[in-house]
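Take a look at the structure below.
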Amino acid sequence: MNKALRKAVIAGNWKMNNTPAETTALLEEMKPLVADADCDVIICAPFVDLQAALDATKGPTFRWAPRTATGQRKVLSLLRYPLPC
């Protein structure tokens, strides 16, 4: 495997311990930290925080995956066919 041809990925997954307002605050704090990232930034938010997370991360920086995704195959398929934000 040629690692030079692979793109790095950062993925964040959290349980249902945040309110939608806390989710918005968390992602607003993260945005400047990953703005110039040379990798895919994937957010795996729980359903109860999904709308707040989508609203907070509009734009090309973030991609989405279901929080319950298990296994590399599901995440990689979402990288190929990302959900529209």
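Computed from the coordinates by the stated procedures, all read-outs in this text should not be read as laboratory data. Just so you know, these numbers come straight off a predicted model, no measurement behind them. Cβ: placed from backbone, ideal geometry, glycine included. Neighbour counts: every protein chain shown.
Each Lys or Arg adds one and each Asp or Glu takes one away; over the other residues whose Cβ falls under 12 Å from the Cβ of Glu22, this sums to -3. Estimate the FRET efficiency between Lys3 and Lys31 by the formula 1/(1 + (r/R0)^6), using the beta-carbon distance for r and 22 Å for R0, to the nearest 0.05. According to the calculation, E is roughly 0.20.
With a cap of 13 neighbouring Cβ atoms within 10 Å, and only residues DSSP puts in a loop, list the trypsin sites (Lys or Arg not before Pro) found in region 1-43. Working shown, then result.
On the way: sites: Lys3, Arg6, Lys7, Lys15; in loops: Arg6, Lys7, Lys15.
Those satisfying the criteria are Arg6, Lys7, Lys15.
Using the Karplus relation 6.51 cos²θ - 1.76 cosθ + 1.60 with θ = phi - 60°, the per-residue 3J(HN,Hα) values for region 40-50 come to 7, 10, 10, 10, 10, 8, x, 4, 5, 10, 4 Hz, with x marking Gly and Pro.
Computed FRET efficiency, Cβ-Cβ of Cys39 and Thr19, R0 25 Å: what is it to the nearest 0.05? Please list the in-between numbers first.
Numbers: r = 28 Å, r/R0 = 1.14.
Efficiency, from the Cβ-Cβ distance: 0.30.
Note that region 11-56 shows a convex hull volume over its alpha carbon atoms of 64 Å³ per residue.
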